[in-house]
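One structure below.
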2 protein chains.
Amino acid sequence: MLKNNLYVALIHFPVMNKNDQPIGSALTTIDLHDIARASITFGVKGFYVITPYEDQATLAKQVIEHWTKGVGGKLNPFRKKALELIRVAATFEDAVNSIKEEKNEPVVTIATSAKKTVGSITTETLRLKLENEASHVLVFGTAWGLADELIDTCDFILDPIYGDADYNHLSVRSAASIYLDRIINGR
Amino acid sequence: MLKNNLYVALIHFPVMNKNDQPIGSALTTIDLHDIARASITFGVKGFYVITPYEDQATLAKQVIEHWTKGVGGKLNPFRKKALELIRVAATFEDAVNSIKEEKNEPVVTIATSAKKTVGSITTETLRLKLENEASHVLVFGTAWGLADELIDTCDFILDPIYGDADYNHLSVRSAASIYLDRIINGR
């Protein structure tokens, strides 16, 4: 059982493109649905969608409003409950500050990456950390993953998800779902 | 390590709608991408997209062709490799017969459901079954899940995915990713 202190952040800037350059990415609305549904399933306290672009933030808010206050929520109350977890912020720093203020506790940030990084931690280690009196934010990158400049600001990096094959190109929706399952249900 | 004998099937008919009635569902193209990427990550041998509707089968084939033979594959060879796993079939029975012919082995079918069913098996039990000389198909439903008439034809049903909260409305993309991770990496 979670201590109600795990948050998720989905970053649209700074992330990498396929040529290994830092960029800002456009919103993919299905990310909001899938990661919100996984978040509520696994007891995540809040899901931050991070974009510095005003038009993208507006789009995110329109999707959220449709499902939480508009006709969508009437048609599908389960979706309403999930999307109510979403908050939109311009920068990751803003999100961390908002969690810090809300909980009045230190915030521990954990980056995710599809590449193995020296010193990355296992989900089992993260499970133990969640017992501490602190909020924890699990950070996911859109496009080709988080830019180093953001990873460098995080306290920890999680081990990548490996499977049976030499292929590490899961969608961010799949990766977030798998990590949350591993963290909550153990590995 | 998988014995190279696990398949995935995504069913668009017969599935349930939110009023608990059996229906046929429309294709969601992101399902093809996300489940193909998870399938190749975890060593799945083939991913069957099942739809009896000709226009939906055509749409599926157009998406696959764009990424495996068209410009998509040139732009993103990783996506090409994933989508090459997809095969389109009109019925689940057709898919099972095609696997049976290809491998000349019995085919064991395993339904998934968000609801707990009496006698459902754990992923650990399924892992042990994968050691047998047989092909295994993990079956997922779109919309509000597989219809009973299809579940009843399957040999086994997997335990649902539970999290921390009383909420069992993961996307089929998330559920497929989590089950494959559990089966391959153990739980």
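Rule-based calculations on the coordinates, nothing more; no lab input. This is a predicted model, so every value here is computed, not measured. Cβ: placed from backbone, ideal geometry, glycine included. Neighbour counts: every protein chain shown.
In the stretch A:6-185, Rg over Rh equals 0.95, where Rg is the alpha-carbon radius of gyration and Rh the Kirkwood radius from pairwise Cα distances.
Net charge within 12 Å of A:A36 by Cβ-Cβ distance, Lys/Arg positive one each and Asp/Glu negative one each, not counting A:A36 itself?
Numbers: positive: A:R37, A:R79, A:K80, A:K81, A:R87, A:R173; negative: A:D31, A:D34, A:E84.
Every neighbour counted, the sum reads +3.
Against the compact-protein benchmark of 2.2 N^0.38 Å, the Cα-based radius of gyration of the stretch A:27-123 scales to 1.19.
If you take all other residues with their beta carbon under 15 Å from the beta carbon of A:V118, and give Lys and Arg +1 and Asp and Glu -1, the sum is -1. Summarise the long-distance tail of P(r) for the stretch B:109-187 by giving the % of C-alpha pairs beyond 21 Å. Here the long-distance tail beyond 21 Å is 22 percent of all Cα pairs in the stretch B:109-187.
Qualifying trypsin sites (Lys or Arg not before Pro) in the stretch B:90-162, where qualification requires a DSSP coil assignment and no more than 14 other C-beta atoms within 10 Å, comprise B:K115, B:K116. Of all DSSP beta bridges located in chain A, what percent are antiparallel, nearest 5? That works out to approximately 10 percent antiparallel.
Each copy carries B:K61; placing its label point 7 Å along the C-beta direction from Cα gives inter-copy distances of 4.6 nm, listed from smallest up. Annotation for the stretch A:1-73 versus the stretch B:14-86: alpha-carbon center distance of 24 Å.
Rounded to the nearest 500, the 222 nm mean residue ellipticity of chain A from helices alone is -12000 deg cm²/dmol, with -39,500 (n - 2.57) taken per DSSP H run of at least 4 residues. A Förster radius of 22 Å, combined with the Cβ-Cβ distance separating B:R127 from A:D166, puts the computed FRET efficiency at roughly 0.55.
Based on the Kirkwood radius over alpha-carbon pairs, what is the Stokes-Einstein translational diffusion coefficient of the protein assembly as shown at 37 °C with 0.692 mPa s viscosity, in µm²/s? Answer, rounded: 155 µm²/s.
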